[in-house]
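The values are calculated or read from the model by the stated rules, or taken from the named source; none is laboratory data. Just so you know, these numbers come straight off a predicted model, no measurement behind them. Glycine gets a Cβ as well: all are built from the backbone with ideal geometry, and neighbour counts include every protein chain shown.
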Amino acid sequence: MQVRAIARDIGIPPRKMRLVTNAVKGLRVDEALAILQFLPNAGALPVKKVVSSAAANAENNYNLNPDELYILNIVADDSFRIKRVKPRSHGRAARILRRFCHVTVVVSDDPADAGR
């Protein structure tokens, strides 16, 4: 059975978040949480929260054993952008683009699905 959890509007760019999500894709949930605990990236904490939330959803809503769960799919999608202006010399202005992302985690209790 596949169970998912979504974290929306995380204040980290999707490109930086994908560095973290690719590190744990296809792993068991307990292995992924151990790796995420020691990753130095800023995106490790939000991804750890979403992975734990997906495992908790599987345990509480579908009575699945959290020790047997695998990360089937984990995706960092683009969200909205905050556009700001930074003054530059000679009356010009430079645009600042602050990017946000959504993180979707799908966990499964079938290891054959996770090996894809």
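Mind counting the residues in segment 91-111 that are under 17 Å from residue 31 (Cα atoms) and out of contact with any strand residue (DSSP E or B) (no Cβ under 8 Å at 6 or more places or on another chain)?
We begin by selecting, within segment 91-111, every residue under 17 Å from residue 31 (Cα atoms); these are 105-111.
Now drop any that are not out of contact with any strand residue (DSSP E or B) (no Cβ under 8 Å at 6 or more places or on another chain), which leaves none.
Looking only at that region, the number is 0.
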If I ask for residues that are surrounded by fewer than 17 Cβ atoms within 10 Å (Cβ to Cβ) and either without any contact (Cβ under 8 Å) to a residue 60 or more places away in the chain or β-branched (Val, Ile, Thr) (or both), which ones from segment 1-14 would you list? 6
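May I ask you to list the residues in segment 69-90 that are in contact with a strand residue (DSSP E or B) (Cβ under 8 Å, 6 or more places away or on another chain) and not aliphatic (A, V, I, L, M)? First the steps, then the outcome.
Initial filter on segment 69-90 (in contact with a strand residue (DSSP E or B) (Cβ under 8 Å, 6 or more places away or on another chain)): 69-88.
Matches in segment 69-90: 70, 73, 77, 78, 79, 80, 81, 83, 84, 86, 87, 88.
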Of the residues in segment 71-86 that are of a type outside the set (Val, Ile, Thr) and over 14 Å from residue 14 (Cα atoms), the one that is surrounded by the most Cβ atoms within 10 Å (Cβ to Cβ) is 72
Looking only at segment 15-38, filter to residues that are free of Cβ contacts under 8 Å to residues at least 24 places away in the same chain and among the hydrophobic types (A, V, I, L, M, F, W, C); which one of those is farthest from residue 113 (Cα to Cα)? 38
Pair list, Cβ under 6 Å, 6 or more apart: segment 75-88 residue within 20 Å of residue 46 (Cα to Cα) and touching a residue at least 12 places away in the same chain (Cβ under 8 Å), other residue outside any strand (DSSP E or B) and not small (Gly, Ala, Ser): 76/14; 76/17; 76/18; 76/21; 78/14
Looking at segment 30-39, is at least one residue modelled with pLDDT of 95 or more, surrounded by 16 or more Cβ atoms within 10 Å (Cβ to Cβ) and among the charged types (D, E, K, R)? no
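Tell me, yes or no, whether segment 76-85 has at least one residue that is touching a helix residue (DSSP H, G or I) at 6+ places or on another chain (Cβ under 6 Å), at pLDDT 95 or above and not polar (S, T, N, Q).
So the first thing to find is which residues in segment 76-85 are touching a helix residue (DSSP H, G or I) at 6+ places or on another chain (Cβ under 6 Å), and the list is 76, 78.
Pick out the ones that are also at pLDDT 95 or above and you get 76, 78.
Applying the additional criterion that residues be not polar (S, T, N, Q) yields 76, 78.
Yes; the residues of segment 76-85 include at least one that is touching a helix residue (DSSP H, G or I) at 6+ places or on another chain (Cβ under 6 Å), at pLDDT 95 or above and not polar (S, T, N, Q).
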Considering every residue within segment 57-75, establish whether at least one is touching an Asp or Glu at 6+ places or on another chain (Cβ under 6 Å), over 15 Å from residue 2 (Cβ atoms) and not acidic (Asp, Glu). no
Kindly establish whether residue 96 is outside any helix (DSSP H, G or I) and within 16 Å of the chain's Cα centre (by Cα). no
